[in-house]
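Have a look at the structure below, then the notes.
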Amino acid sequence: MGARDAWDPGTILWAVLFSAAGLFLTGLSIYQLLQRWKYSGSVFRLESVPGVLGGRLKGTVQMPDQVLPEAKATVSILCERTSRGGRSTTTWKLWEDRTHLIVPASRSIPVDFRIPYDLPPSDAPGSSPTSPIRWHVTVAARMPGVDYRTSFHDVPVFATDASDPSIVKGAIDASAVTERPPDAKTNIVESSAERTVFSMPPAKGLGWGLAIFLLLPVIVWLVAGRVTANQLEALLAAAVAVLVGAGILALTCAGVAYTPTAIEIEAGLVRVPHGAWPFRWTRAIPVADIVEIKYTTSQATAWVDAKTAGKSYSISRNLPDVAEAKWLAAEVSRAVERHRGHAAQGPGQQAV
């Protein structure tokens, strides 16, 4: 084997990626050790045991003295299922809620979450199910240098006599006061008796999709030309890259076209502009047809839906924080109720 075969571009790329992954994991481990060393001694006190499905989980987390008052803190609760198959283990997030607070001088952070009834309870102590259900509470705060973060695992959450089956996932109590999260990307830009408008970040990704479509075949052709002396093989590799780039561009265009960029509520209609040029269009939903506004979370994102008697329409997507999804769902729900019945439905006003 010659020197060129030993150090071809594929081998070099693999070595760089493997080394980068190793450095990242090593750095992450060191950072977590620094967190544990600097911020030891956090205590979670439940107000009542257990947390209640269809009720509340309440308590306090006493932070260590190293956490500075007035720091921005995040309190979250997570329900997850772990599936074991052979040697592999997969964890699924079933539900998450999150709130943002300012660390008080006492360093005692309140934990108060409304738990949906339609979620599985935590596993009984000592049981060994094949797909265990676990509940965790995490508190984090931004600090100079090393951020504070601590997690309390296997928090007990069960159904009790106090459980209310009407409290379900994504349901919003529109009468409750909600505050806009400090890092929210969505804003209320107009609010009056006649019109309410929410702005959201513009649809992005079209430029990246186009760049990949144009550059990927060129890069693959250049790399293939270095690896093999056969020009036909290099051209075939570039042709495959064209197809892959076209697929990525098509997915990017579809993502842009189905990304809501605003919510406009007026004259008995909820209008939701989508996309960016040349993929710009607007969905119209009669206010009278909307029966519920709900938020939904997945592994890495959250979104808000407007539900009618027969369909569900996404009115926001790709919200990075569940707290923002809850705030937006509550504000849209209140706005829909304010505008409901303000104008009679005209002919042809149907959701599309």
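Of all the listed residues (R283, R317), the sole one being assigned to a strand (DSSP E or B) and at pLDDT below 90 is R317.
Picking from V177, V189, V168, which residue would you name as being assigned to a loop (DSSP other than H, G, I, E, B), exposed (fewer than 14 other Cβ atoms within 10 Å of the Cβ) and at pLDDT 85 or above? Give the derivation first.
Values: V177 fails: at pLDDT 85 or above; V189 fails: assigned to a loop (DSSP other than H, G, I, E, B).
After applying the criteria, what remains is V168.
Given the structure, is R149 touching a helix residue (DSSP H, G or I) at 6+ places or on another chain (Cβ under 7 Å), in a strand (DSSP E or B) and surrounded by 12 or more Cβ atoms within 10 Å (Cβ to Cβ)? So R149 passes the test. Number of residues in segment 300-329 that are out of contact with any strand residue (DSSP E or B) (no Cβ under 8 Å at 6 or more places or on another chain) and among the aliphatic types (A, V, I, L, M): the value is 2. Every condition in (1) assigned to a loop (DSSP other than H, G, I, E, B); (2) of a type in the set (D, E, K, R); (3) assigned by TED's automatic domain parsing to the domain that holds K72; (4) within 30 Å of V67 (Cβ to Cβ) is met by D123 except one, and the failing one is (4). Flag set for P110, criterion: part of a strand (DSSP E or B) and modelled with pLDDT of 90 or more. Inspection of segment 84-97 finds no residue satisfying the criterion of being surrounded by fewer than 16 Cβ atoms within 10 Å (Cβ to Cβ), assigned by TED's automatic domain parsing to the domain that holds Y39, touching a Phe, Trp or Tyr at 6+ places or on another chain (Cβ under 9 Å) and over 29 Å from L328 (Cα atoms).
For A15, state whether it is at pLDDT 70 or above, assigned to a helix (DSSP H, G or I) and surrounded by fewer than 13 Cβ atoms within 10 Å (Cβ to Cβ). Judged against the criteria, A15 is not a match. Cβ-Cβ distances below 8 Å connect the following pairs, each with a first residue in segment 217-231 that is farther than 18 Å from I248 by Cα and of a type in the set (D, E, K, R), a second residue that is surrounded by 11 or more Cβ atoms within 10 Å (Cβ to Cβ) and modelled with pLDDT under 80, and a separation of six or more residues or different chains: R226/D8; R226/P9.
Selection within segment 312-336: residues that are over 20 Å from the mean Cα position of the chain (by Cα) and not β-branched (V, I, T). The member of this set that is nearest to E264 (Cα to Cα) is A335. Screening V218 on (1) β-branched (V, I, T); (2) buried (at least 18 other Cβ atoms within 10 Å of the Cβ); (3) more than 30 Å from E80 (Cβ to Cβ) shows it passes everything except condition (2).
Given the options I109, I133, I115, I212, name the one that is surrounded by 15 or more Cβ atoms within 10 Å (Cβ to Cβ) and within 23 Å of A329 (Cα to Cα).
Result: I115 is the single residue among I109, I133, I115, I212 that is surrounded by 15 or more Cβ atoms within 10 Å (Cβ to Cβ) and within 23 Å of A329 (Cα to Cα).
Taking segment 270-311 as the range and being surrounded by fewer than 21 Cβ atoms within 10 Å (Cβ to Cβ), within 25 Å of S191 (Cβ to Cβ) and over 25 Å from the mean Cα position of the chain (by Cα) as the test, the residues that pass are A284, P286, A288, D289.
The values are calculated or read from the model by the stated rules, or taken from the named source; none is laboratory data. Predicted, not measured: the structure shown is a model, and the values here were computed from it. Cβ coordinates were reconstructed from backbone atoms using ideal geometry, including for glycine residues, and neighbour counts include every protein chain displayed.
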